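Below is one structure. I have some questions about it.
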Amino acid sequence: MRDDTSFCGVCGAARASERPMPAPGGPAAQAMPTEQPIEPGQAPEPLSATEQSQELDTELVDPVVTAVEQALTTSRQGSVIGRLVLFVVSLVLFFIYAKMGNTHTGAVILVVVVLIHELGHWLGMRLLGYRNTSIMFIPFFGAAASGVDPQPSGIKHAIVSLCGPVPGILLAIACGAAYYATGQPVLRQSMHMLFFLNLLNLLPMYPLDGGQVLEGTVFRRFYMADIVFRVVMGLLLAGCAVLLQWKGLFVLVFFVFTSLPSRNRIGQVAEALRGMIPVADRANASRVPRQWLIQIIAMLQARMKRPSTAVAMLASECRAVWERLCFHEPALWATALLLAFYVGMMVMGTIAWVVFTVFSR
Ligand SMILES: [Zn+2]
């Protein structure tokens with residue numbers, strides 16, 4: 001989505017190290033770190049932010065860097081009213097879309113089920129200290145909750161991802177039990193919709209919640225495994241889209257494959273810089289210090305066939321690289337616990353859906 005260059009992980013890495021670094025701007029080129037592999041067990045010499053800024057401040061800063069810096073700042077300052085308007089307008093559009101293929105009751109149930117799911121994510125983000133949280137509905141697809149985590153961690157990422165489907169599955173069980181007791185058809189319809197959408201979201205596919213749980217617990221550690229997993233899941237998703245003839249899934253497939261070159265670049269740059277950023281500079285994941293921003297932009301551009309100056313794309317990739325550098329990987333016990341809970345919810349939800357379907361006939 002961000003880049004239309006063809007993707008090859010191995011060739012991409014080789015290309016980046018073989019050719020000389022481009023000079024997107026004088027200072028950026030001067031600030032480029034040498035990408036010598038770091039010996040295992042040998043701590044790299046941290047590049048002090050102050051030391052670098054002394055040299056950089058005397059130079060003219062590339063206008064692209066300034067524009068990216070402004071884009072990063074602006075996107076952090078999204079207004080509450082703007083997010084609220086987007087939520088309401090997208091909700092109305094989604095309801096109109098839902099009405100096209102459903103009865104009035106079916107459309108209302110669909111919107112409420114999606115809203116409960118996204119409110120779960122939103123609440124999880126708010127409780128865990130995310131900023132700029134928002135919910136947006138997407139016709140043909142569903143909805144998405146987003147927010148900025150100033151101190152990203154795998155545990156928080158996985159918990160927020162589970163906060164959407166878990167309440168939905170528990171509510172589905174409650175609806176199933178209530179239908180069993182009362183026989184109200186609306187409860188049966190709600191139960192099926194809750195089980196379907198929330199279990200679907202738990203599938204281990206990007207960008208569904210199950211894929212996000214795996215990303216937070218496993219794939220942030222090994223970016224090449226993440227790329228391979230995305231390719232495999234993209235192909236599976238394409239198969240599901242064809243089988244189910246679901247337009248929304250085609251959108252996901254498009255997103256998965258077009259974002260691969262960008263994901264690969266982000267992973268490579270984060271790997272190259274890992275261990276080089278002093279702890280003090282990594283204190284806030286939502287603010288990239290200028291001297292590191294200059295380096296990240298140059299390194300990203302070095303991995304493009306034609307170094308791009310598209311500000312929105314560079315800002316997005318710079319943010320992703322910086323978040324990876326500030327990311328706290330979960331301990332092994334936390335990883336095991338989160339994965340066990342994730343698998344447990346999938347198994348329990350599936351069994352409950354089958355049982356209620358059989359007994360609610
Ligand atoms: Zn979700």
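For Cys240 and Leu339 in one chain, what is 0.36 nm times their gap in residues minus the Cα-Cα distance, to one decimal in nm? Intermediate results must be reported in sequence, preceding the final value.
On the way: separation 99, 0.36 × 99 = 35.64 nm, distance 2.41 nm.
Additional length available on full extension: 33.2 nm.
Additional query: What order do you get for Val113, Val279, Val213, Val85 when you list them from fewest to most C-beta neighbours inside 10 Å? Intermediate results must be reported in sequence, preceding the final value.
Values: Val113 22, Val279 7, Val213 26, Val85 11.
In order of increasing Cβ crowding within 10 Å: Val279, Val85, Val113, Val213.
In whole Hz, with x marking every Gly and Pro, tabulate ³J(HN,Hα) for region 184-196 from phi via Karplus 6.51 cos²θ - 1.76 cosθ + 1.60, θ = phi - 60°.
Those phi angles translate into 6, x, 5, 5, 5, 5, 5, 4, 4, 5, 5, 4, 4 Hz.
Work out how much length Thr73 to Ala225 would gain on full extension: take 0.36 nm times their residue separation and subtract the Cα-Cα distance, in nm to one decimal.
Additional length available on full extension: 51.6 nm.
Follow-up question, since we're still on this one. Under a 5 Å amide H to amide H cut-off, with H placed in plane at 1.01 Å, what residues pair with Thr133 once short-range neighbours are removed?
For Thr133, whose amide H was placed from the backbone, the distant partners under 5 Å are Val148.
Return Glu317, Glu215, Glu118 ranked ascending by Cβ neighbour count within 10 Å, so the fewest neighbours appear first.
Glu215, Glu118, Glu317
When the gyration tensor of region 257-336 is built from Cα positions, what are the square roots of 5 times its three eigenvalues, in whole Å, from largest to smallest?
Numbers: eigenvalues 102, 53, 22 Å².
After diagonalising the Cα gyration tensor, the semi-axes are 23, 16, 11 Å.
Follow-up. Going by C-beta contacts inside 10 Å, put Thr133, Thr103 in order with the fewest on the left.
Thr103, Thr133
Modelled label-to-label distance, Ala178 and Thr105, 7 Å Cα→beta-carbon offset: nm?
1.4
At 10 °C and a viscosity of 1.306 mPa s, what translational diffusion coefficient does Stokes-Einstein give for region 219-361, taking Rh as the Kirkwood radius over Cα pairs? Give it in µm²/s as a whole number. Kindly include the intermediate steps, with their values, before the conclusion.
Details: Rh = 18.1 Å.
After rounding, the answer is 88 µm²/s.
Tell me, what HN-Hα J-couplings in whole Hz come from the Karplus equation 6.51 cos²θ - 1.76 cosθ + 1.60 at θ = phi - 60° for each residue of region 147-162, using x for Gly and Pro?
Ordered by residue, 3J(HN,Hα) equals x, 10, 9, x, 10, x, 9, x, 5, 5, 4, 5, 5, 4, 5, 6 Hz.
Same structure, new question: Tell me, what is a quarter of the convex hull surface for the C-alpha atoms of region 103-254, in nm² with one decimal?
Taking the Cα atoms of region 103-254, their convex hull projects to 9.8 nm² on average.
Sticking with this one: Scan around Ile138 for amide H atoms under 5 Å from its own, H built in the peptide plane at 1.01 Å from N, and keep only partners 5 or more places away or cross-chain.
Under 5 Å from the amide H of Ile138 lie the amide H atoms of Ala143, Ala144, each far enough along the sequence or on another chain.
Any read-out appearing in this document is the output of simple, stated calculations on the displayed coordinates, not a laboratory observation. Values in this document were obtained by computation on a predicted structure and should not be read as measured data. Cβ coordinates were reconstructed from backbone atoms using ideal geometry, including for glycine residues, and neighbour counts include every protein chain displayed.
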